[in-house]
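Take a look at the structure below.
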Amino acid sequence: MKTLSDINVDNKIVLLRVDYNVPMTDDGAVADCSRIIETKPTIQYLRDHGAKVVLLAHFGRPQGQVHETDRLRPIISAVSATLGVTVSYVDDCIGPKPKAAISQLQPGDVVLLENVRFYPGEESNDPAFAKQLAELGEVYVNDAFGAAHRAHASTAGIAQYLPHAAGLLMQREVTELTTVLQHPIHPVVAIIGGAKISTKIDLITNLLPKVDYVLLGGALANTVLLAQNHQIGKSLVEAELAATVKDLLSNKLKVPVDVVVAKAVAEKSPKRVVSLGAVAADDYIVDIGPDTVRVYEDCIRQAKTIIWNGPMGVFELEAFAMGTYHIAKLVADSEAYSILGGGETVSAVKKVGLEQSINFISTGGGAMLEFLEGKILPGIVALD
Ligand code: ADP
Ligand code: MG
């Protein structure tokens, strides 16, 4: 993978792919600027080198058509404020409009082009569309790690037509994730939770031989509990995968020894802590129990490296958030090098204000998972 030091960006028109697919509030403001903040170092680097910076980004799922509610105009003020520079906006990403705007740019200027997913060629990685994007600039830099698992025109195809490199965020993501995957300091503890085991089975399979413990929580642990013939009541489960997950069972794989159950997944629903044998047929498992936290604490305390993805319970409801918060606190207090990622995991950690105590928080949800599954990401190979 080429990095910024491998290419010349001095006074060039640089097409910088960013991941500005930010969450919005109901009244149309950017709810969380993290993804914009993360791109500041690369943009600063480019501006310091006199580059004219042309930002390419996607937003939402407009399915290859102009979709008024997926325009990027509403994020422009937040982008300008966050980057500390007036960013201009063009309501198209190929053709005469961006060409005209780019021809007016001075060194250090920044412009954001319209949602690349308004064209079907983006997601189909159409070479003609990639070429039209490439025609707008002289150099391509990719900082959109969050979209690196997609072989799209602006994340992969375009690199063929221009000198290219990873931005500083992309470079940091790849360095951090490669280190934990290939030469972590042992003991390594992976904490895996969340909703569906189908989305994380490849992750668990790839990590098991590399790590010392995998601690499971969340609804995905229910499928493993079912595979071990435990009663899980009405809990969220992917029963059809129970046979498959049997192959994962080993001494390294820890499952909850007790759980929090409720008769409904609702804040006010009365809850009980029960041992595994005592889940009733009409119970929902909504969190890991305190004994499980203690067992997991022993592993986490020994760890020198921690990889965490996926909440331990339905943490969005305060009543079922204790397991996730206890684990967050243990990871934050640990001496281990900690990395975490995943949309809900990051928001759970932010909710309790512990994000500063984590060594590295990946900006990629799906991209981080695929990287840790050992897959080759098209957005990264394209930068070779
Ligand atoms: P991430 O985005 O961090 O990778 P996931 O998307 O895999 O995590 O899963 C997060 C979701 O899993 C959360 O919305 C949470 O409510 C849900 N979840 C966790 N535990 C349970 C459970 N026991 N029952 C139902 N949903 C759960
Ligand atoms: Mg998620």
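Can we say I36 is assigned to a helix (DSSP H, G or I) and more than 21 Å from the chain's Cα centre (by Cα)? Please lay out each step first, then the result.
On the way: assigned to a helix (DSSP H, G or I): yes; more than 21 Å from the chain's Cα centre (by Cα): no.
Against the criterion (assigned to a helix (DSSP H, G or I) and more than 21 Å from the chain's Cα centre (by Cα)), I36 does not qualify.
Would you check if there is a residue in segment 303-322 being closer than 23 Å to D212 by Cα and surrounded by fewer than 23 Cβ atoms within 10 Å (Cβ to Cβ)? Taking every residue of segment 303-322 in turn, at least one turns out to be closer than 23 Å to D212 by Cα and surrounded by fewer than 23 Cβ atoms within 10 Å (Cβ to Cβ). Hey, any hits in segment 145-152 for a residue that's within 15 Å of L55 (Cα to Cα) and hydrophobic (A, V, I, L, M, F, W, C)? So far as segment 145-152 goes, yes, one or more of its residues are within 15 Å of L55 (Cα to Cα) and hydrophobic (A, V, I, L, M, F, W, C).
Among the conditions (1) of a type outside the set (D, E, K, R); (2) within 16 Å of ligand 2 (Cβ to nearest atom); (3) farther than 30 Å from Y140 by Cα, the only one that T363 does not satisfy is (3). Any residue at all in segment 219-229 that's part of a loop (DSSP other than H, G, I, E, B) and under 19 Å from E316 (Cβ atoms)? Yes: one or more hits.
Would you tally the residues in segment 169-202 being among the acidic types (D, E) and away from ligand 2 (no atom under 16 Å from the Cβ)?
Initially, segment 169-202 is screened for residues among the acidic types (D, E), giving 173, 176, 202.
From what is left, the residues that are away from ligand 2 (no atom under 16 Å from the Cβ) are 173, 176.
Result for segment 169-202: 2.
Criterion first (within 16 Å of ligand 2 (Cβ to nearest atom) and farther than 18 Å from L203 by Cβ) does V293 satisfy it? Before the answer, list the steps.
Working: within 16 Å of ligand 2 (Cβ to nearest atom): no; farther than 18 Å from L203 by Cβ: yes.
No.
So, of the residues in segment 339-371 that are within 10 Å of ligand 1 (Cβ to nearest atom) and hydroxyl-bearing (S, T, Y), which turns out to be farthest from E173 (Cα to Cα)? Per the criteria, the residue is S347.
Residues that are among the charged types (D, E, K, R) and outside the structural domain of C33 (by TED's automatic domain parsing): find the helices (runs of 4 or more DSSP H) completely inside segment 296-384 holding 3 or more of those.
Numbers: elements: 322-333, 343-351, 366-372, 378-381.
Result: 343-351.
Y140 meets all of the listed conditions (1) in a helix (DSSP H, G or I); (2) in contact with a His (Cβ under 7 Å, 6 or more places away or on another chain) but one, namely (1). Among the residues of segment 164-176, none qualifies, meaning not one is of a type in the set (A, V, I, L, M), in contact (Cβ under 8 Å) with a residue 24 or more places away in the chain, within 16 Å of ligand 1 (Cβ to nearest atom) and outside the structural domain of E135 (by TED's automatic domain parsing). Considering only segment 169-217, state which residues are of a type in the set (S, T, Y) and within 25 Å of I288 (Cα to Cα). Answer for segment 169-217, where residues must be of a type in the set (S, T, Y) and within 25 Å of I288 (Cα to Cα): S198, T199, T205, Y213.
Is it the case that some residue within segment 155-177 is surrounded by fewer than 22 Cβ atoms within 10 Å (Cβ to Cβ) and of a type in the set (D, E)? The answer is yes, given that some residue of segment 155-177 is surrounded by fewer than 22 Cβ atoms within 10 Å (Cβ to Cβ) and of a type in the set (D, E). Under the condition of being within 14 Å of ligand 2 (Cβ to nearest atom) and surrounded by fewer than 17 Cβ atoms within 10 Å (Cβ to Cβ), the residues counted in segment 324-349 number 2.
The values are calculated or read from the model by the stated rules, or taken from the named source; none is laboratory data. All of these numbers come straight from a predicted model, not from anything done at the bench. Every residue, glycine among them, receives a Cβ derived from its backbone with ideal geometry; neighbour counts consider all protein chains shown.
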